[in-house]
Amino acid sequence: MYNQGAVEGAANIELGSRVFVYEVVGLRQNEETDQTNYPIRKSGSVFIRVPYNRMNQEMRRITRLGGKIVSIQSVSTLEQLNGKASGESAENKEESLVASETAANSEDNGKATPVNANSEVKGFAKPPAEDQLKKKDKKGNTMTQAKAKKGADVPVNIYRPNAPFVGKCISNEPLVKEDGIGIVQHLKFDLSGGDLKYVEGQSIGIIPPGVDKNGKPEKLRLYSIASTRHGDDVDDKTVSLCVRQLEYKHPETGETVYGVCSTHLTQLEVGAEVKITGPVGKEMLLPEDPEAKVIMMATGTGIAPMRAYLWRMFKDAERAANPEYQYKGFSWLIFGVPTTPNILYKEELEEMQEKYPENFRLTCAISREQKNPQGGRMYIQDRVAEHADELWKLIKEEKTHTYICGLRGMEGGIDEALSAAAAKEGVVWSDYQKELKKAHRWHVETY
């Protein structure tokens, strides 16, 4: 899956991936604050870790609760995740920023919008004034600002754009059956001879050959990994991607334009070399609890990380390779596609459902073949609305994690359906969803 939103809130300014520590006094100990799991409490002070893009929101919340911020200190993401500083050079720092922008040409609209490392990310609040900070963080950026799960050993940025790993294409197989729409390929790359390791839910960067329209080397594009950490062959030597060839009409000339990197990959010959960076991403990681309940909502190539999850849960060879993780929970995939031939990995999904009927449920929304209750096309949000009460019941359970991956437009319909279900119990969905995000139980990667 080409991933424009692979790392939610990926920063293109120096402060973008920072985490700040607020020292707060005077918070009222009411029901709301009592239920909040603050990391540290000392002598009446509360120390709250806040990602950059939530700073203003957190300030307002603290003010509403009668608190006073007595100091703000910055902590680099690497200090937060690894407990040690990062000593990147300015060159590597800029490359991390470039890597995290995903080359920004959506699979559906094809608009290439390279990120300027000095520009401000839309939707981010302005950074705090320097005099608000006790100490300005000069540490290097990483390619993600998502908080890692406690105790998780998650590899990040083993290979960077200035020194990518050169792998080889082992296989390049079509995923769309006859009479389906578009070209989608499953690619497997050989990683032997390198140190690239990854976990389910991460992405890798691909640097296509050649130069862009300005004569500069092509920038990398991020793609969600479609295989488990052990690879399709369960030998720790491969990584797989699910890639759709981007095709769109030029808005001025009307000519057909094909995506640079997606075309390169979908037409890649077996044995050809490919430049790989990463891995990146900690937003879409699976919970370690083998009894967790997992809701997955995907459109098109958004199935990539879901396939990795499902292989880890249900593939026999994977289960044998992971004696410490024997999945016993319940997972539900709601998959949106245009036609039946576009149900990617259809045989794999049906095999898992047949073998583990109590643990895996597959629901498809086939837009050009099925009708919603209003007589229109059946989209993924219509399926969510159809099962909203059941999904809401699952979401309320503490062991449930929800993953959304695919086209950004799907989110609004999903929220609308779940809002109606939550409202039946007097719950405001938007507020409840924020709590899910704080608890790292709501994971979104859309483009």
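Checking K197 against (1) open to solvent by 30 Å² or more (accessible area, probe 1.4 Å); (2) touching a strand residue (DSSP E or B) at 6+ places or on another chain (Cβ under 7 Å); (3) within 22 Å of M284 (Cβ to Cβ): exactly one of these is not met. Which one?
Unmet for K197, out of (1) open to solvent by 30 Å² or more (accessible area, probe 1.4 Å); (2) touching a strand residue (DSSP E or B) at 6+ places or on another chain (Cβ under 7 Å); (3) within 22 Å of M284 (Cβ to Cβ): (2).
Given (1) among the hydroxyl-bearing types (S, T, Y); (2) surrounded by fewer than 20 Cβ atoms within 10 Å (Cβ to Cβ); (3) touching a Phe, Trp or Tyr at 6+ places or on another chain (Cβ under 9 Å), where does Y327 come up short, assuming only one miss?
For Y327, the failing item is (2).
Can you tell me which residues in region 232-254 are in a loop (DSSP other than H, G, I, E, B) and at pLDDT 90 or above?
Hits for region 232-254 are D232, D233, V234, D235, D236, K237, Q245, L246.
Condition test on D382, is it within 29 Å of P290 (Cα to Cα) and acidic (D, E)?
No; evaluated as a whole, the condition is false for this residue.
Given the conditions (1) free of Cβ contacts under 8 Å to residues at least 40 places away in the same chain; (2) surrounded by 22 or more Cβ atoms within 10 Å (Cβ to Cβ); (3) hydroxyl-bearing (S, T, Y), report the number of the one that T263 does not fulfil.
The single condition T263 does not satisfy is (2).
Tell me which of these I303 doesn't satisfy, since it passes every other one: (1) open to solvent by 40 Å² or more (accessible area, probe 1.4 Å); (2) under 18 Å from L241 (Cβ atoms); (3) among the aliphatic types (A, V, I, L, M).
Condition (1) is where I303 drops out.
Among the residues of region 290-300, is there at least one that is touching a residue at least 60 places away in the same chain (Cβ under 8 Å) and open to solvent by 40 Å² or more (accessible area, probe 1.4 Å)?
Checked against the condition, which is being touching a residue at least 60 places away in the same chain (Cβ under 8 Å) and open to solvent by 40 Å² or more (accessible area, probe 1.4 Å), region 290-300 yields at least one hit.
Is it the case that region 178-191 has a residue that's touching an Asp or Glu at 6+ places or on another chain (Cβ under 8 Å), free of Cβ contacts under 8 Å to residues at least 24 places away in the same chain and in a strand (DSSP E or B)?
no
Being more than 20 Å from L391 (Cβ to Cβ) and not in a loop (DSSP other than H, G, I, E, B) is the filter; apply it to region 360-380 and report the residue that is most open to solvent (accessible area, probe 1.4 Å). Before the answer, list the steps.
Applying the first criterion (more than 20 Å from L391 (Cβ to Cβ)) to region 360-380 yields 368-369, 371, 375-377.
Next cut, not in a loop (DSSP other than H, G, I, E, B) only: 371, 377.
Details: K371: 140, R377: 110 Å².
Step by step, filter region 360-380, then rank; the result is K371.
Can you name every residue in region 214-234 that is open to solvent by less than 60 Å² (accessible area, probe 1.4 Å) and more than 20 Å from the chain's Cα centre (by Cα)?
Within region 214-234, G215, E218, D232, V234 meet the criteria.
Has region 153-172 got any residue that is under 22 Å from E288 (Cα atoms), touching a Lys or Arg at 6+ places or on another chain (Cβ under 7 Å) and in a loop (DSSP other than H, G, I, E, B)?
yes
Restricting to region 208-231, count the residues that are within 14 Å of S262 (Cα to Cα), assigned to a strand (DSSP E or B) and out of contact with any Pro (no Cβ under 8 Å at 6 or more places or on another chain).
Selection size over region 208-231: 2.
Could you tell me which numbered condition K315 fails, if it satisfies all but one of (1) in contact with a Pro (Cβ under 7 Å, 6 or more places away or on another chain); (2) open to solvent by 10 Å² or more (accessible area, probe 1.4 Å); (3) within 22 Å of N172 (Cβ to Cβ)?
(1)
What residue, of V384, V427, is part of a loop (DSSP other than H, G, I, E, B) and β-branched (V, I, T)?
On the way: V384 fails: part of a loop (DSSP other than H, G, I, E, B).
Of the residues listed, the single one that is part of a loop (DSSP other than H, G, I, E, B) and β-branched (V, I, T) is V427.
Filtering region 266-289 down to residues that are open to solvent by 10 Å² or more (accessible area, probe 1.4 Å) and of a type in the set (V, I, T), which residue is nearest to the chain's Cα centre (by Cα)?
The extreme case among them is T266.
I'm checking my understanding of the structure. Among residues of region 392-406 that are within 21 Å of the chain's Cα centre (by Cα) and open to solvent by less than 60 Å² (accessible area, probe 1.4 Å), which one is farthest from A304 (Cα to Cα)?
The extreme case among them is I395.
How many of the residues making up region 433-443 are open to solvent by less than 60 Å² (accessible area, probe 1.4 Å) and either among the small types (G, A, S) or without any contact (Cβ under 8 Å) to a residue 12 or more places away in the chain (or both)?
1
What do you reckon, is T446 crowded, with 19+ Cβ neighbours inside 10 Å, over 16 Å from A298 (Cβ atoms) and among the polar types (S, T, N, Q)?
So T446 does not fit the description; no.
The values are calculated or read from the model by the stated rules, or taken from the named source; none is laboratory data. This structure is a prediction, so every number in the text was calculated from the model and none was measured. Ideal geometry is used to build each Cβ from the backbone, glycine not excepted, and the neighbour counts take in all protein chains shown. Accessible surface areas use protein heavy atoms only, side chains included; no ligands, DNA or RNA. Shrake-Rupley method; radii C 1.70, N 1.55, O 1.52, S 1.80 Å.
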